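Below is one structure, written out as structure tokens; the observations come after it.
The values are calculated or read from the model by the stated rules, or taken from the named source; none is laboratory data. Since the model is a prediction, treat every value here as computed from it, not as a measurement. Methodologically, a virtual Cβ is constructed for each residue, glycine included, from the backbone with ideal geometry; neighbour enumeration extends over all protein chains shown.
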Amino acid sequence: MNRFVLPVLALAATAALAGPPDKPAKVPADSIKWATSWDEAIREAKERNVPIHVAYHKDN
Amino acid sequence: MDSSVYANKDFIKASKRWVCVYGSKDSGHGTEKVNGAEMCKLHPQLTCDDHMKVNGEVSGKFFTGTIKMPATVWCDSDGKEVGKQQGALSSKQLIEKMAEVEKQLGPGLGSDEYWMAQDRLAAGEKAMGEAKLRDALASFNEVVKMEKLPGSKAVVDRAKAGLERTNEMVQALVANADEIRSAGDLDRAKEKYKEILAQFRGTEIGKKAEKALAEMEQAEKDKVKKGNPPKR
């Protein structure tokens with residue numbers, strides 16, 4: 001095998017494994033995108049440099 | 001607030017400048033099917049398991065004792081509390097409070113732009129994995145174009161890293177073709193240059209491949225003229 005082919009394959013494999021963070025299910029544009037965990041909220045807030053809104057609720 | 005505030009279009013618009021977290025230990029409101037999955041009837045972007053789990057994660061974090069529900073907490077991007085309120089707020093009150101906090105903390109990246117960037121980064125990685133390098137470059141470049149938006153540094157840095165890795169792969173393809181050509185395997189070298197040209201026509205890399213192909217064809221013609229056909 002040519003000596004250049006291996007690095008190319010290795011890079012492709014690295015790219016495939018490096019996947020993006022979990023993406024939310026399709027959220028309609030006209031609704032709030034709620035984070036599904038506190039850790040996810042912190043990670044996203046840090047990446048975007050935005051504040052976090054925490055809502056506590058109970059059923060009536 | 002579930003129906004009066006969280007469905008309000010002005011609040012939804014304001015929420016895009018935040019990360020929003022919803023905690024509730026209740027599930028009596030029921031579920032509805034969304035794309036085949038059982039989602040919370042009040043907030044179909046979540047499952048009831050999600051908001052019950054979140055409730056467990058945040059319940060003791062910002063309040064102690066009995067809380068007057070609904071309650072709201074505003075935090076900076078590290079999760080440190082910057083304000084809180086017990087009891088219901090109107091959309092207007094909530095938006096005003098959020099604007100105050102935003103003023104203190106400065107602008108960040110909007111959620112639409114952030115998720116668009118995530119989508120393009122994922123497309124870039126996928127294209128790299130499939131060796132569709134021009135598509136990968138295009139996807140990563142779309143994110144790099146967001147560079148001037150506030151709060152875009154993290155996603156832009158990831159896109160730049162993706163571009164760097166893709167460019168290394170492109171350079172390796174050209175080096176591979178050059179080496180095959182130097183070794184005298186002209187038919188295979190031609191195939192390699194043609195593959196590069198198919199992806200990168202009109203670019204600097206494409207021009208290099210085009211030039212190499214033209215040189216090889218000219219060399220073949222010259223040899224034929226001299227009555228000395230090229231070795232295969």
- prompt: Is it true that B:A117 is under 30 Å from B:E102 (Cβ atoms), assigned by TED's automatic domain parsing to the domain that holds B:Q218 and part of a helix (DSSP H, G or I)?
  reply: yes
statement: Expected output for segment B:119-135 (first residue at the interface with another protein chain (Cβ under 9 Å from one of its Cβ atoms) and under 24 Å from B:E204 (Cα atoms), partner modelled with pLDDT under 95 and not in a helix (DSSP H, G or I), Cβ below 7 Å, 6+ apart or cross-chain) is B:L121/A:P20; B:E125/A:A18; B:E125/A:G19; B:E125/A:P20
- prompt: Are there any pairs, at least 6 apart or on different chains, whose C-beta atoms fall under 8 Å, with the first in segment B:165-180 and among the basic types (K, R) and the second crowded, with 19+ Cβ neighbours inside 10 Å, and if so, which?
  reply: B:R165/A:A15; B:R165/B:M128
query: Just for segment B:16-50: of the residues that are in contact (Cβ under 8 Å) with a residue 24 or more places away in the chain and of a type in the set (G, A, S), which one is farthest from B:F62 (Cα to Cα)?
result: B:S27
- request: List the number of the failed condition for B:V21; all other conditions in (1) surrounded by fewer than 21 Cβ atoms within 10 Å (Cβ to Cβ); (2) of a type in the set (A, V, I, L, M, F, W, C); (3) touching a Phe, Trp or Tyr at 6+ places or on another chain (Cβ under 7 Å) hold.
  value: (1)
Qualifying residue in segment A:38-50 (condition: of a type in the set (F, W, Y) and at pLDDT 95 or above): yes
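Those residues that are of a type in the set (A, V, I, L, M) and outside any helix (DSSP H, G or I), I need them from segment B:101-114; list them, please.
Initially, segment B:101-114 is screened for residues of a type in the set (A, V, I, L, M), giving B:101, B:105, B:109.
B:L109 - this is the single residue of segment B:101-114 that is of a type in the set (A, V, I, L, M) and outside any helix (DSSP H, G or I).
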- line: With the first residue restricted to segment B:98-113 and required to be surrounded by fewer than 16 Cβ atoms within 10 Å (Cβ to Cβ), and the second required to be of a type in the set (S, T, Y), Cβ contacts under 7 Å at 6 or more apart or on different chains are none
- request: Would you point out which residue out of B:A198, B:A212 is more than 11 Å from chain A (Cβ to nearest Cβ), surrounded by fewer than 19 Cβ atoms within 10 Å (Cβ to Cβ) and small (G, A, S)?
  value: B:A198
- request: Report yes if some residue within segment B:181-193 is touching a helix residue (DSSP H, G or I) at 6+ places or on another chain (Cβ under 7 Å), under 30 Å from B:L121 (Cα atoms) and surrounded by fewer than 18 Cβ atoms within 10 Å (Cβ to Cβ); otherwise report no.
  value: no
- prompt: Can you list the strands (runs of 3 or more DSSP E) found entirely within segment B:1-93 that contain at least 1 residues being within 30 Å of the chain's Cα centre (by Cα) and more than 7 Å from chain A (Cβ to nearest Cβ)?
  reply: B:31-34, B:37-40, B:81-86
message: Taking the criterion of being modelled with pLDDT of 90 or more and basic (K, R), would at least one residue in segment B:223-232 satisfy it?
response: no
statement: Residues in segment B:191-232 that are within 23 Å of B:E130 (Cβ to Cβ) and in a helix (DSSP H, G or I) total 15
